[in-house]
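I have placed the structure first, in the form of structure tokens, so that the comments after it can refer back to it.
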Amino acid sequence: MQQFQQYIDGTFSDGATQFDSLDPATGAVWAKMPEASAEDVNQAVEAAERAFFSPEWAGMTPTARGKLLSRLADLISENAPRLAELETRDTGKIIRETSAQIAYVADYYRYYAGLADKIEGAHLPIDKPDMEVWLRREPIGVVAAVVPWNSQLFLSAVKIGPALAAGCTVVLKASEEGPAPMLEFARIFDQAGFPKGVFNVITGGPVTGATLTSHPKVAHVAFTGGPETARHIVRNSAENLASTSLELGGKSPFIVFEDADLESAVNAQVSGIFAATGQSCVAGSRLVVQASIKDEFLARLKAKAGAIVVGAPDDMATEVGPLCTLRQRDNAIDLINRSVAQGAKLVSGGHPIDRDGFYFPPTILDCSDVHDADSLTNEFFGPVLSVVSFETEAEAIAIANNTQFGLASGLFTQNLTRAHRMIRAIRAGIVWVNTYRAVSPIAPFGGHGLSGHGREGGLQAALDYTKIKSVWLRTSDDPIPDPFVMR
Ligand code: NAD
């Protein structure tokens, strides 16, 4: 049995208590994880605050910070196979994807390494003759990062990278469902040469998360997870008026017009809903397809879904692995039963796979006759696609926007003018046209409405970890005139 450790103030420890972590491929306990106590959380935040003001970190040049991030990126590349293996083991995410994703995670750190000394202030052309006024961009303070279990290395990179580039310090709470990759990441981070306390990793569930996000010394909470938890996060942070960035779920429309390249659209839809076993915030979980091609599109999709290799996540041939938790598998069964009872028609999948572990097959539900079916309206983190058809462009827009979420969207058409109209009309933070599920450190990522606020990735994300200080310097040697008049 492996025992993982938390990382506080540059020191590894078992924590006062431990909890079991299950292997989603078998359902068996495979490792012990430290559960951070309230005292552990406090020590981590105190360490991050000390580091924030320390000469070693606060006095470090941005260029030197960038070099440390660059070193961290190299260490991630060197250790990518081990990190991928642990993420697969603890969360069930297939090794095919963890291997590719973690190699790319290193590039996210490289991007922010390069940005560290390009976060500039400004000089203002002020409307007074005897003043120099400029803006300093200063790091915001201690950042609490809280992440869900899916893609933790990736979802934390888009927080840690820009936060450290800006000069902040971080306490990250890994998800209680599969924290192994983040606890191993701490070991790698430790070798990069950052001053102690700059980055800390703890784990535990909602209680640990609440203690961290309500800590009075936390200046900003960077959260990824579900909308219900986000409401708790906002309430927790409100006590100290800490700022928040919220990357939440979605119910993203995948819109296919009759003039689309169907082969490409079918492949992208498979990737959009069945990759990562559907456990992706940007999953294209609502297929909105033009009625004239619906039957052909569904036939092709059903054939591809039926040929998907469902299997052990550590097998490179596997395309869909287990869900992360047993609860999630039960939720899938429940959602499908409810939706079928409401009138949705099962096109493929839908029944649990008879084997150990938390497996559920790629599933397609035709909801064309029930636009309020639960599977069409509720976010569900799993390989379940709901289908609706439309006749006109206006109808496609109305269906696509009929959601409180606003994270991602996919659009398949060869018609350029229509594409531009649709891009304007779709209410989502990301529009992928004739592609899906493409990401890059250079491009901002995020949504609105129930999908949250704030953007991760790109230059703006680093600026969001800074606050502006306005500096006024009087250049006149004359005495200050009338002290009772604001000047
Ligand atoms: P979750 O909201 O249940 O948990 C996320 C994290 O919040 C966990 O670390 C959990 O321990 C912590 N937490 C729970 N209660 C808390 C509280 N009261 N205070 C502080 N922290 C608390 O999410 P999940 O089920 O682990 O993950 C799935 C969700 O994440 C889905 O809704 C999915 O769409 C979303 N997600 C979004 C993105 C994105 O980038 N937009 C990416 C991945 C996942």
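Computed values, structure above
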read-out	value
Between segment 336-380 and segment 292-330, the alpha-carbon center distance in angstrom	13
Whole-percent carbon and sulfur share, accessible surface of segment 205-263, 1.4 Å	59
In degrees, nearest ten, helix 180-190 long axis to first principal axis of the chain (Cα)	30
Carbon + sulfur, % of accessible area of segment 404-473 - ligands and nucleic acids excluded, 1.4 Å	57
Surface accessible to a 1.4 Å probe, Tyr104 within the full protein complex, Å²	80
Protein accessible area in segment 38-123, 1.4 Å probe - carbon and sulfur %	54
Cleavage-rule hits (GluC sites (Glu not before Pro)) in segment 75-184: DSSP loop, at most 13 neighbouring Cβ within 10 angstrom	Glu120
Area accessible to solvent at Thr98, 1.4 Å probe radius, in Å²	0
Segment 311-409: trypsin sites (Lys or Arg not before Pro) in DSSP loop, at most 15 other beta carbons within 10 Å	Arg355
Inter-part distance where segment 122-191 and segment 10-76 are each reduced to a Cα centre, Å	13
Rounded FRET efficiency, nearest 0.05, which uses the C-beta distance separating Val340 from Ala28 and R0 of 30 Å	0.40
Accessible solvent surface per residue of the chain, calculated while the other protein chains remain in place, 1.4 angstrom probe, Å²	40
FRET E, pair Arg231, Glu39, Förster distance 25 Å, beta-carbon r, rounded to 0.05	0.40
Backbone HN-Hα couplings from phi across segment 464-472 [Karplus 6.51/-1.76/1.60, Hz, Gly and Pro as x]	5, 9, 10, 10, 9, 10, 8, 10, 10
His232 accessible area, assembled protein chains, probe 1.4 Å, Å²	90
Length added when fully stretched, Thr61-Ser13, from 0.36 nm per residue minus Cα-Cα	14.2 nm
Exposure rank, largest accessible area first [Ile76, Ile308; 1.4 Å]	Ile308, Ile76
Candidates per trypsin sites (Lys or Arg not before Pro) in segment 169-249, loop by DSSP, up to 13 other Cβ within 10 Å	none
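The values are calculated or read from the model by the stated rules, or taken from the named source; none is laboratory data. Note that this is a predicted model, so its numbers are computed, not measured. For neighbour counting, all protein chains shown are included, and Cβ atoms are generated from backbone atoms with ideal geometry for every residue, glycine included. Ligands, DNA and RNA are stripped out before the accessible areas are found, and what is left, the full protein with its side chains, is counted by its heavy atoms. Shrake-Rupley method; radii C 1.70, N 1.55, O 1.52, S 1.80 Å.
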